[in-house]
Amino acid sequence: MRTLHTAPLLRHTPDGEPVPEHAVLVDGDRVQAVGPLAELSGAYEGVRLRRWPGTLGPGLLHDGPLPAAPTPRERVHALLRHGVTAVLAEHLADPALRAAVDRNDLLVLPAPVAVTLRPGGRADLAVHGADDACLVTVVAGRIAHRRA
């Protein structure tokens, strides 16, 4: 199902300048389009629309050891609460931790890469509020964390 994710501001990269009134069209686990909200909503009438508060951008890469927690599942959930959608393979030596990462569909990378929102890319998104707290994490097109 196609979903148009939008927020007052959108960043194409984690450090990029945010632009107003833009959106990301997600189809399954892929980004189909990124652009002005009016343009995308006109081109894809009837698409499900999710309006988020804050700033929408690509999911984050966590490039260090995963946070300490009692269980591997809780360690992964701690990442999702911050908008992380990718981790480095070198920090997943524990098979139980690797299994938890795989179950949650986080992207496992051999080396750090620049994350961007681009058509054809994996639909890994995060929405951060004014206080920089993560409000929503979308992993491969599905909502994996939503702040209550």
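The values are calculated or read from the model by the stated rules, or taken from the named source; none is laboratory data. Since this is a predicted model, take the numbers as computed values, not measurements. Glycine also receives a Cβ, built like all others from the backbone with ideal geometry; neighbour counts cover every protein chain displayed. Remember, those area values only see protein heavy atoms, side chains included, never the ligands or the DNA or RNA. Shrake-Rupley method; radii C 1.70, N 1.55, O 1.52, S 1.80 Å.
Side notes on the structure shown:
- Translational D in µm²/s for the range 24-105 (Stokes-Einstein at 10 °C, 1.306 mPa s, Kirkwood Rh from C-alpha pairs): 106 µm²/s
- Taken along the Cα-to-beta-carbon direction at a fixed 7 Å, the label points for ARG48 and VAL113 span 2.6 nm.
- Annotation for ASP105 and MET1: the two label points, set 7 Å from Cα along the Cα-Cβ direction, are 1.3 nm apart.
- Euclidean distance of C-alpha centroids, the range 72-148 and the range 30-56, integer Å: 21 Å
- Taken along the Cα-to-beta-carbon direction at a fixed 7 Å, the label points for ASP132 and ALA89 span 3.1 nm.
- Per-peptide packing, taken as the mean over residues of other Cβ atoms within 10 Å, places 113-125, 37-49 in the sequence 113-125, 37-49 from highest down.
- Structure-derived volume of the Cα convex hull per residue in Å³ - corresponding label in [x] 89; [y] 105; [z] 114: [y]
- Full-stretch length increase - ARG147, ARG30 - with 0.36 nm per residue and alpha-carbon distance subtracted: 39.8 nm
- Taking the 1.4 Å solvent-accessible surface of the range 59-148 as the whole, the part contributed by carbon and sulfur is 54%.
- Accessible surface area normalised per residue over the chain is 51 Å², counting heavy atoms of protein chains with a 1.4 Å rolling probe.
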